[in-house]
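Please treat every number below as a calculation from the coordinates, not as lab data. No experiment lies behind these values; they were computed from the predicted model shown. Positions of Cβ are generated from backbone atoms using ideal geometry, with glycine treated the same way; all protein chains shown enter the neighbour counts.
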Amino acid sequence: MEQGFSLGLGQRIADIRQDNILGHARPHTGETDRVVGWVRIRRAVGPRGAGFLYLTETCLILHWILGNNETEVVQLDDIKTWGVNKSASIGPIIGIETSNGSYFLQVATMTHLTARHASVFLETFAKQVPNDGTELSEVHDLGTFESPTEFDVFKRRKSIVGMTRRILVTVLGILMVAFAILIIPVPGPWSLLLNIAALAVLSSEYDWAQDVLGWVKQKYAAAKRRISGREDT
């Protein structure tokens, strides 16, 4: 009985997370468009950023949670060429070249589940966006990029530096949450702000914290729009 309840609760939480993740893409899809795949990404070049890459029947949607909280839409027919560096550390890097510029997005595959998820996404992407073999015009010293049709992405192991970073981030995040709980009696929003800061720290290493942070930002933006609407009236 208890085991069945635990499994049901776990599935419910997974469904809520999935719905929240897909919710980032819904405002940018048409009535007849649908998301056929998504994957977690980080910027491999340029300013720090992490979020999601969605593949729909007509476009790519890049939704950033860490770094600049913004969404970019790339039409599939605007993609000139693409490639994947499967041997990169942490996870494969997707290079996408459009008429307006290039994107280099890394997919972390630190677990068997994320590795399988990345393989399925990349295979779906390759079928949705055929490549004529044209090479990327620039790769920023990120290694060799290929355009295969089949992918077998493997789990990556963290380096000593990566494991040390994860431990430090975990300890710092837990300490911040503990301190936020201690200062709950203090007047003002300090406890809430500190908890959000703790989520920002933990989200650099944990997917669940990234999802919660994205949900908090969505709720804040919705509340801000409602308040703005009342002031206008």
Checklist outcome for this item: The ³J(HN,Hα) series, computed from each phi in the stretch 97-104 with the Karplus coefficients 6.51, -1.76 and 1.60 at θ = phi - 60°, rounded to the nearest Hz and given as x for glycine or proline, is 10, 10, 5, 9, x, 10, 10, 10
Item to check | Per-pair calculated FRET efficiency, R0 = 22 Å: residue 228 and residue 174 via Cβ, rounded to 0.05 | outcome: 0.05
Checklist entry - Given the rule -39500 (n - 2.57) for each run of at least 4 DSSP H residues, summed and divided by the residues of the chain, what is its mean residue ellipticity at 222 nm, to the nearest 500 deg cm²/dmol? => result -15000 deg cm²/dmol
Checklist outcome for this item: Expected unfolding gain across residue 124-residue 11 under the 0.36 nm per residue rule, minus the alpha-carbon gap, is 38.2 nm
Next on the checklist: Is the C-alpha gyration tensor of the stretch 153-227 telling us rounded, prolate or oblate? Criteria: a/c under 1.5 is rounded; beyond that, a/b larger than b/c is prolate, otherwise oblate.
Outcome noted: oblate
Checklist entry - Check residue 98: other-chain or 5+ apart residues with amide H under 5 Å from its amide H, H built from backbone geometry? => result 80, 103
Item to check | Ratio Rg/Rh [Cα only; Rh per Kirkwood] for the stretch 43-174 | outcome: 0.97
Checklist entry - So which trypsin sites (Lys or Arg not before Pro) in the stretch 103-203 are both in a DSSP loop and have at most 12 other Cβ atoms within 10 Å of their Cβ? => result 157
Next on the checklist: Please list 3J(HN,Hα) in residue order for the stretch 210-222, calculated via the Karplus relation 6.51 cos²θ - 1.76 cosθ + 1.60 where θ = phi - 60°; whole Hz, with x for glycine and proline.
Outcome noted: 5, 5, 5, 4, x, 5, 4, 5, 4, 5, 5, 5, 5
Item to check | Pair-distance profile P(r), taking every C-alpha pair of the chain, with 10 angstrom steps and integer % | outcome: 7, 27, 33, 22, 9, 2, 0
Next on the checklist: Under the 0.36 nm per residue contour assumption, what length would be gained going from the current alpha-carbon distance of residue 197 and residue 161 to full extension?
Outcome noted: 10.6 nm
Item to check | Total formal charge among the other residues, if their Cβ is under 15 angstrom from that of residue 133, Lys/Arg +1 and Asp/Glu -1 | outcome: -3
